[in-house]
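Student: One structure is given below, represented as structure tokens, and several questions about it will come after.
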Amino acid sequence: MTVDLSVQIGIKTSPQAVDWATLDGAWGRIGEHDIFDSVWMNDHLTDASIERHGSSLEALTAMAALVHHVPGKWVGHSVLSATFRHPAVLAKAATVMDHATRGRFIVGVGAGWHEGEHEPFGIPMPPMPERFDRFESGVHVLKALWSDEARTPPGVTRPDRYYPLDGATNEPGTLTPGGPPIYLGGQKRRGIALAAAVADGWLLPAVVSLGEPTDLEYFSEKRDALLVALAEAGRDPSSFRIIAQVPTGSTADERRRSLSLALDAARRGATTVILGMPARLGAAGVDGVVHDIADPLRQALG
């Protein structure tokens, strides 16, 4: 397979196990590097690398406070948990981010998965398939509240089992017509079908279970399924982004291994490769990712 020369490079500094000053410094340094097209973080209430507890800054407010460092870059979450926020509240928050970033905010969203950050806070985490049903309904609510109809009264009325709308408006409306792009994280049959039907992109999860990183054979399998689903939906795959996430580790040796993974992801058809860096490494860690991975990756991609 040939490498798509339009492959974009992103960096992810998720807000776990890091103090604010270090995270702020990392984003400040990211803004100094033109090599990155996009900047990402995950969405967890605790440290998802362990079963319960652990340090984690809330993701939406953290990103809102950091975007001034990275003007002109796309920003997004991979992914926001649909269980944490009512979709109408998320639609309003994303509208703010759409304006604050001048139309460069991506709404990455998934169904939620980590029990250890639901049970302690009393946040419902319904079993599948209800959890996916709610996720799917929430995605349609986002689309409805970013529609032209929702910009002015009488607004949108949409019967729904979980999130009904009755004359709902989103005022002011989004800067981006139709709202920010939506990237979904569903992996099974229904998730792939939903992404192909209504989303602008799909994100390979950073982990498939607690502490277990995804592999690129898995990515290839899901990419192939997405291409089939896009064809069935009558959509042009060239307008749909398929994103792979690659952990970069903490040392120069680990980063060199990550370069090989990133190149492999691009060869397998990733249109964006996100380089996941431990945020605790701060500005120096960003420089290491640029020197050891991002710069050689861009040179290899052309």
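The values are calculated or read from the model by the stated rules, or taken from the named source; none is laboratory data. Every value quoted in this text rests on a predicted model; they were computed, and no experiment measured them. Using ideal geometry, Cβ is built from the backbone for each residue, glycine included, and neighbour counts are taken over all protein chains shown. To get the accessible areas, we keep the full protein, side chains included, count just its heavy atoms, and leave off ligands, DNA and RNA. Shrake-Rupley method; radii C 1.70, N 1.55, O 1.52, S 1.80 Å.
Student: For the stretch 62-108, name all the residues that are farther than 28 Å from E32 by Cα, β-branched (V, I, T) and not in a helix (DSSP H, G or I).
Tutor: Here is the first cut: in the stretch 62-108, the ones farther than 28 Å from E32 by Cα are 81-92.
If we keep only those that are β-branched (V, I, T) as well, we get 83, 89.
Hit for the stretch 62-108 is T83, nothing else.
Student: Is there a residue in the stretch 42-61 that is within 18 Å of V286 (Cβ to Cβ) and in contact (Cβ under 8 Å) with a residue 24 or more places away in the chain? Lay out the reasoning, then the answer.
Tutor: First pass over the stretch 42-61, keeping only residues within 18 Å of V286 (Cβ to Cβ): 42, 57.
Narrowing further to those that are in contact (Cβ under 8 Å) with a residue 24 or more places away in the chain: 42, 57.
Yes, the stretch 42-61 contains a residue that is within 18 Å of V286 (Cβ to Cβ) and in contact (Cβ under 8 Å) with a residue 24 or more places away in the chain.
Student: Let me ask another. Taking the options R298, R189, name whichever one is out of contact with any strand residue (DSSP E or B) (no Cβ under 9 Å at 6 or more places or on another chain) and either of a type in the set (K, R) or at negative phi (or both).
Tutor: Values: R298 fails: out of contact with any strand residue (DSSP E or B) (no Cβ under 9 Å at 6 or more places or on another chain).
Checking each option against the conditions leaves just R189.
Student: If a residue must be closer than 19 Å to M97 by Cβ and either among the acidic types (D, E) or open to solvent by 10 Å² or more (accessible area, probe 1.4 Å) (or both), how many such residues does the stretch 29-40 contain?
Tutor: Filtering the stretch 29-40 down to residues closer than 19 Å to M97 by Cβ leaves 30-31, 36-40.
After this cut, where a residue has to be either among the acidic types (D, E) or open to solvent by 10 Å² or more (accessible area, probe 1.4 Å) (or both) as well, the list is 31, 37.
Matching residues across the stretch 29-40 total 2.
Student: I've got another one for you. So, in the stretch 157-196, of the ones that are among the β-branched types (V, I, T) and open to solvent by less than 20 Å² (accessible area, probe 1.4 Å), which residue ends up farthest from R131 (Cα to Cα)? Before you say what the answer is, go through the steps one by one.
Tutor: First pass over the stretch 157-196, keeping only residues among the β-branched types (V, I, T): 157, 169, 174, 176, 182, 192.
In the following step, the residues that additionally are open to solvent by less than 20 Å² (accessible area, probe 1.4 Å) were identified as 174, 182, 192.
Numbers: T174: 27, I182: 19, I192: 15 Å.
Checking each candidate, the answer is T174.
Student: Something else: Could you please find all residues in the stretch 257-279 being over 29 Å from L226 (Cα atoms) and out of contact with any helix residue (DSSP H, G or I) (no Cβ under 6 Å at 6 or more places or on another chain)?
Tutor: Step one: of the stretch 257-279, the residues over 29 Å from L226 (Cα atoms) are 278-279.
The answer is P278, and nothing else.
Student: Could you go through the stretch 56-71 and let me know if any residue there is open to solvent by 60 Å² or more (accessible area, probe 1.4 Å), under 19 Å from the mean Cα position of the chain (by Cα) and hydroxyl-bearing (S, T, Y).
Tutor: There is at least one residue in the stretch 56-71 that is open to solvent by 60 Å² or more (accessible area, probe 1.4 Å), under 19 Å from the mean Cα position of the chain (by Cα) and hydroxyl-bearing (S, T, Y).
Student: Can I192 be described as without any contact (Cβ under 8 Å) to a residue 60 or more places away in the chain, in contact with a Lys or Arg (Cβ under 8 Å, 6 or more places away or on another chain) and not small (G, A, S)?
Tutor: Values: without any contact (Cβ under 8 Å) to a residue 60 or more places away in the chain: yes; in contact with a Lys or Arg (Cβ under 8 Å, 6 or more places away or on another chain): yes; not small (G, A, S): yes.
The answer is yes for I192.
Student: Output the number of residues of the stretch 220-267 satisfying the condition of being crowded, with 19+ Cβ neighbours inside 10 Å, of a type in the set (S, T, N, Q) and either touching a residue at least 60 places away in the same chain (Cβ under 8 Å) or closer than 15 Å to A196 by Cα (or both).
Tutor: Count: 1.
Student: So, one more: Please name all residue pairs, on different chains or six or more residues apart, with Cβ atoms under 8 Å, provided the first residue is in the stretch 163-181 and is closer than 18 Å to P153 by Cβ and part of a loop (DSSP other than H, G, I, E, B) and the second residue is among the charged types (D, E, K, R) and open to solvent by less than 30 Å² (accessible area, probe 1.4 Å).
Tutor: Cβ pairs passing all conditions: T174/D98.
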